[in-house]
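Report on one structure; see the data block that follows.
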Amino acid sequence: MFNSLTDRFQNVFNSLRGEVRLTPEAVEVALKEIRVALLEADVNFKVVKAFVNRVRDRAIDRSILDSLSPTQQVVGIVRDEMLALFGPSSTGLSKADNHPQVVLMIGLQGSGKTTTSAKLGDWCKRDGRHPLLVSTDVRRAAAITQLNLLCESADLRVHDPDGHLDPVQRATAAIDEARRLGFDTVIIDTAGRIHLDDELMRELEVIKDTVKPSELLYVADAMTGQDAIKSAGEFHRRVGITGLVLSKMDGDAKAGAAFSVVSVVGVPIKFSGIGERVEDLELFQPERLVSRILGMGDILTLVERAENAIEKEGAKRVAEKIRHQEFTLEDLRNQMDTVRSMGPIDQVIGMIPGFRGVSNTTSTGDANQRQLTRMAAVIDSMTITERRNPAVINGSRRKRIACGSGTEVQDVNRLLKQFNQMRKMLKMVTGVNVKRRRARGRRVGRMGLPVSIGRQT
């Protein structure tokens, strides 16, 4: 996510590390690089100009703490001004007086609108709501079928009456069904076009006037940069927009849409799509996004994803195995699946503070993903005995495993070496912890308390 922009900012901050204090000359050099980086990311020119001016004014302000290094000063200023561009964190869908709440999904064709509609339905379900979805896109081939399939995979109900091909009728019938069956949220996926036209806008205006939505969410493809902003501005002028959803944020996003939309269009970003799965939609949290762009990591999101991905009882079992030095290749294979379920590996790495750029292996998510896939294939080609007791894997077994996994013997050797090193490290860690507990127990015993009590606490 915005990897090239992150790299540019890191270069700017690294150039300031040799400075003793933040001089006007150093500020101008840094600002020049920041300006170029943002423009290359397709951020609106006026937004870039205003942003750079605000950073300059604050950077040369004498009130800046002398205790901070030039790098720390610039990072802090840039972070604050970036957050100002985005506005406050999203709280999700606004509260509505009408029951059910109606959400109208609008945008151009190809922006990911239908997929985002299903993702929003899944988010509503996770938020404790009871959503009902309906497609009013009767022009695009298979649009209705696409929504049905996506919702079926997420166990979401779809209103899809046979023979109803009028967009307004489909929308109103869905609202009637929601009232009758007790659904509290209706998500309406509208038709898109390759480009803006009067026919599209008139259809949206009629649907809006009829269903009276509390939310009109414009789905913008984050990979299209400023083009998404121009379209959003026109939609806002004609039908009104209450918020934006930035789709495809997990791809090679240009950052132009994210950085410019609030300033140019004047509406907040409410959600961001961060993957291909139905559950890959999250509230837009500018603090977390900015931290990742500036190379500061995103621990909160990492923890949240880990909590969703890791089954607690399974985690306890793994912890016990590590404690008793019984961690096997089988357990390693399961943990690899857990990491994958948290999202693309480069995203996970980018959430770890200070981890980005530590080594060449962290530079590309694709390379890491391929490495995980190769390791998984090697383990899958082993027998149960080999996974649980790697010591039995001799030369002939290594050849068989390599052949079965489509890899080389060197790959098998590398995996076994890494696993042995891992076990040694785990043994060292658990050994230190045991010694600490014993030492604590002895201290407690010397205080006149039974040693067993000290071990229990």
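For the reader, a short list of remarks on this structure follows.
- Qualifying residue in region 234-243 (condition: within 22 Å of ILE194 (Cα to Cα), within 22 Å of the chain's Cα centre (by Cα) and buried (at least 18 other Cβ atoms within 10 Å of the Cβ)): yes
Okay, residues lined up against (1) of a type in the set (D, E, K, R); (2) part of a strand (DSSP E or B):
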residue	(1), (2)
HIS164	no, no
VAL168	no, no
THR172	no, no
ALA178	no, no
PHE183	no, no
ILE188	no, yes
GLY192	no, no
HIS195	no, no
GLU205	yes, no
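- Scanning region 1-47 for residues that are in contact (Cβ under 8 Å) with a residue 60 or more places away in the chain and aliphatic (A, V, I, L, M) turns up MET1, LEU5, VAL12, LEU38, ALA41, VAL43, VAL47.
- Region 1-23: number of residues that are aromatic (Phe, Trp, Tyr) and in a helix (DSSP H, G or I): 2
- Restricting the first member to region 374-398 and to residues that are farther than 11 Å from LEU329 by Cα, and the second to residues that are among the charged types (D, E, K, R), the beta-carbon pairs closer than 7 Å and six or more apart or on different chains are ARG374/ASP411; VAL392/GLU386; ILE393/GLU386; ARG397/GLU386.
- Checked against the criteria, SER111 does not count as surrounded by fewer than 22 Cβ atoms within 10 Å (Cβ to Cβ), closer than 30 Å to VAL206 by Cβ and of a type in the set (S, T, N, Q).
- Restricting attention to region 355-385, the residues being at pLDDT 80 or above and among the charged types (D, E, K, R) number 2.
- Taken over region 79-121, the criterion of being part of a helix (DSSP H, G or I), farther than 15 Å from PRO268 by Cα and touching a residue at least 60 places away in the same chain (Cβ under 8 Å) is satisfied by ARG79, LYS113, THR114, THR115, THR116, SER117, ALA118, LYS119, LEU120, GLY121.
The values are calculated or read from the model by the stated rules, or taken from the named source; none is laboratory data. Bear in mind the structure is a predicted one, so any value in this text is a computation, not a measurement. In this analysis, Cβ positions are derived from the backbone assuming ideal geometry, glycine residues included, and neighbour counts consider all displayed protein chains.
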